[in-house]
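Structure first, commentary second.
The values are calculated or read from the model by the stated rules, or taken from the named source; none is laboratory data. Not measured: the values here are computed from a predicted model. When we count neighbours, we look across all protein chains shown, and the Cβ atoms used for this are built from the backbone with ideal geometry, even at glycine.
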Amino acid sequence: MPAKNGAEIVAEAINNGTLPTPYNTKGVAGRSLELVVVDESTGTAKQVTEFRALAERREVDAVVGYLVAGSCLAVAPVADELKMLTFFSTCSTPRIFEENDFKYVYRTSAHLTPDGVTAARYLLKRMPNVKTIAGLNWNMAYGQDAWRDFRMSVQALKPDVEAINEQFTTFGGGQYGAEISALLTKRPTVLHTAFAGGDFEAFVVQMTARGLHQNIQMVMTAGAGSMFRLLDKLPDGAIIEDRGPYSVFARPTPLGNWFRTTYEQRHGITPPYTAYHMGQAVLAFKIAADKASKGGAKPAPEEIGRALEQLKFDAFGTTVHMSRSRGHQAVTESAIGVYKFDKAKNAPTVVDVTYYPADCVNPPDGMKGEAWIKGGFKGARCD
């Protein structure tokens, strides 16, 4: 729902010409934008069927979206088969472009490798004497990749750290009693989780009830979007991210302030990263189509794609650079901080926030994240 909300807010502003400058021209290549909304919660086989229907029966100009890695991995080859311009908004797994060479597929957000690298750098700066780390993540590409990148990054920076009690659970499981018991027995120094949404919130409530957080440093790489629902139920001191410079980490730019304020006024809550991801994907479509349009003519999918490659543009609170995987993969800076509930204001906050440049936490173009981490982050520029 936050992704849908983000798309609607940006599409409406595009049609009305009310986006902040420099994007305040009406429409996409001079044409109004119509959204056809499809539910992604129906499994990968259904997503392929839905995608074909959008391309062949609805004859849409582009498909924008997808949060789940499995959806993207299933849909991407079909996009090339049908020559359908496709913008992945979230779809966190690095495998999309590390293992494939798609022509019609673009991802306008960073993949999840910088989440783990950022968390490892930040953790070890704050706690240089870490001895053991554990992981509790979903048993799917997203959870496995998130834990792998964090674990490998910590061990690349501090080789004597031992990874113990790696646990993988069912997406949407919601019950973590056995996993919490195992962690209370093992007592690692640090627990990493990339849970988000309802599972993240269920885990937080269950772990705090049993005091798991009292002696273990929590590293939560996708949890900031839940801060405004959990409030004081989320323990102070948790290291927290929001899958990039979004939500509380979004820079206070005119574009960023507009998006956050509009979303809050309409939906009564601060937008999480999925809303930002979808909003910047729709924005990228407009920018590339406007750039590719010549004399008011409607640009072809290939022309829009070429306009997007290597494009660097201001989005909602950060800058996006389509500089990886032949210009099909975006990078952004990353952001991380420590959760603190402000009792006086009855509001969640993040303190000790650190931003890392894109080239510090993203692998160089043409290099897989796993190999880059194993090789000691060669070429990283962190100044």
Discussion item. Yes or no: the range 13-29 includes at least one residue that is in contact with a Pro (Cβ under 7 Å, 6 or more places away or on another chain), surrounded by 18 or more Cβ atoms within 10 Å (Cβ to Cβ) and either closer than 28 Å to Ser293 by Cα or modelled with pLDDT of 95 or more (or both).
Written reply: yes
Fill in: Residues (in a helix (DSSP H, G or I) and touching a residue at least 60 places away in the same chain (Cβ under 8 Å)) located in the range 180-222
Asp199, Phe203
Item to complete: Give the range 134-177 a look and list any residue that's in a loop (DSSP other than H, G, I, E, B) and out of contact with any Leu (no Cβ under 9 Å at 6 or more places or on another chain), or say none.
Response: Asn139, Met140, Pro159, Asp160, Thr170, Phe171, Gly172, Gly173, Gly174, Gln175
Worksheet item: under 19 Å from the mean Cα position of the chain (by Cα), outside any loop (DSSP other than H, G, I, E, B) and buried (at least 24 other Cβ atoms within 10 Å of the Cβ): does that describe Phe259?
Response: yes
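Output the residue which, of all residues in the range 70-103 that are more than 28 Å from Thr318 (Cβ to Cβ) and within 22 Å of the chain's Cα centre (by Cα), is surrounded by the fewest Cβ atoms within 10 Å (Cβ to Cβ).
Here is the first cut: in the range 70-103, the ones more than 28 Å from Thr318 (Cβ to Cβ) are 74, 77-78, 80-83.
This time we only want the ones that are within 22 Å of the chain's Cα centre (by Cα), so: 74, 77.
Values: Ala74: 18, Pro77: 13.
My answer is Pro77.
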Worksheet item: Inside the range 252-277, can you point out the residues that are touching a strand residue (DSSP E or B) at 6+ places or on another chain (Cβ under 8 Å) and either closer than 21 Å to Ile240 by Cβ or hydroxyl-bearing (Ser, Thr, Tyr) (or both)?
Response: Thr253
Practice prompt. Would you mind stating whether Leu67 is assigned by TED's automatic domain parsing to the domain that holds Val161, closer than 27 Å to Phe249 by Cα and either under 14 Å from the mean Cα position of the chain (by Cα) or assigned to a helix (DSSP H, G or I) (or both)?
Written response: no
Fill in: Selected residue [of a type outside the set (Gly, Ala, Ser) and closer than 19 Å to Val361 by Cβ] from Asp232, Asp290, Asp242
Asp242
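For Ser293, indicate whether it is surrounded by fewer than 22 Cβ atoms within 10 Å (Cβ to Cβ) and either touching a residue at least 60 places away in the same chain (Cβ under 8 Å) or of a type in the set (S, T, N, Q) (or both). Break it down into steps so the answer makes sense when it comes.
On the way: surrounded by fewer than 22 Cβ atoms within 10 Å (Cβ to Cβ): yes; either touching a residue at least 60 places away in the same chain (Cβ under 8 Å) or of a type in the set (S, T, N, Q) (or both): yes.
Against the criterion (surrounded by fewer than 22 Cβ atoms within 10 Å (Cβ to Cβ) and either touching a residue at least 60 places away in the same chain (Cβ under 8 Å) or of a type in the set (S, T, N, Q) (or both)), Ser293 qualifies.
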Item to complete: Return the total of residues in the range 353-382 being of a type in the set (D, E, K, R) and free of Cβ contacts under 8 Å to residues at least 24 places away in the same chain.
Response: 1
Item to complete: Taking only the range 326-375 into account, find how many residues are polar (S, T, N, Q), surrounded by fewer than 22 Cβ atoms within 10 Å (Cβ to Cβ) and part of a strand (DSSP E or B).
Response: 2
Practice prompt. Run Asp236 past the list (1) assigned by TED's automatic domain parsing to the domain that holds Asn215; (2) more than 22 Å from Tyr356 (Cβ to Cβ); (3) within 21 Å of the chain's Cα centre (by Cα) and report the number of the one that doesn't hold.
Written response: (3)
Worksheet, complete the sentence: Residue pairs within 7 Å by beta carbon, gap of at least six or interchain, first lying in the range 12-37 and in the same structural domain as Ala62 (by TED's automatic domain parsing) and of a type in the set (Val, Ile, Thr), second in a loop (DSSP other than H, G, I, E, B) and loosely packed, with under 15 Cβ neighbours inside 10 Å, listed first then second, are Thr18/Asn24; Thr25/Gly17; Val36/Arg58
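Among the residues that make up the range 128-147, is at least one of them in contact with an Asp or Glu (Cβ under 8 Å, 6 or more places away or on another chain) and over 20 Å from Ala222 (Cα atoms)?
From the range 128-147, those in contact with an Asp or Glu (Cβ under 8 Å, 6 or more places away or on another chain) are 131-136, 138, 146-147; that's our starting set.
Keeping just the survivors that are over 20 Å from Ala222 (Cα atoms) gives 131-132.
Yes, the range 128-147 has at least one match.
Being modelled with pLDDT under 95 and out of contact with any Pro (no Cβ under 9 Å at 6 or more places or on another chain) narrows it down to one of Gly223, Gly237, so name that one.
Working: Gly237 fails: modelled with pLDDT under 95.
Within the list Gly223, Gly237, the selection yields Gly223.
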Practice prompt. State yes or no: is Gln265 assigned by TED's automatic domain parsing to the domain that holds Ala7, among the polar types (S, T, N, Q), surrounded by fewer than 21 Cβ atoms within 10 Å (Cβ to Cβ) and out of contact with any helix residue (DSSP H, G or I) (no Cβ under 6 Å at 6 or more places or on another chain)?
Written response: yes
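For (1) of a type outside the set (S, T, N, Q); (2) closer than 29 Å to Thr86 by Cβ, each residue gets a yes or a no:
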{"position": "Ile240", "(1), (2)": "yes, no"}
{"position": "Pro271", "(1), (2)": "yes, yes"}
{"position": "Ala275", "(1), (2)": "yes, yes"}
{"position": "Gln280", "(1), (2)": "no, yes"}
{"position": "Glu303", "(1), (2)": "yes, yes"}
Worksheet, complete the sentence: If we ask which residues in the range 104-133 are hydrophobic (A, V, I, L, M, F, W, C), under 16 Å from the mean Cα position of the chain (by Cα) and either outside any helix (DSSP H, G or I) or surrounded by fewer than 22 Cβ atoms within 10 Å (Cβ to Cβ) (or both), their number turns out to be 2
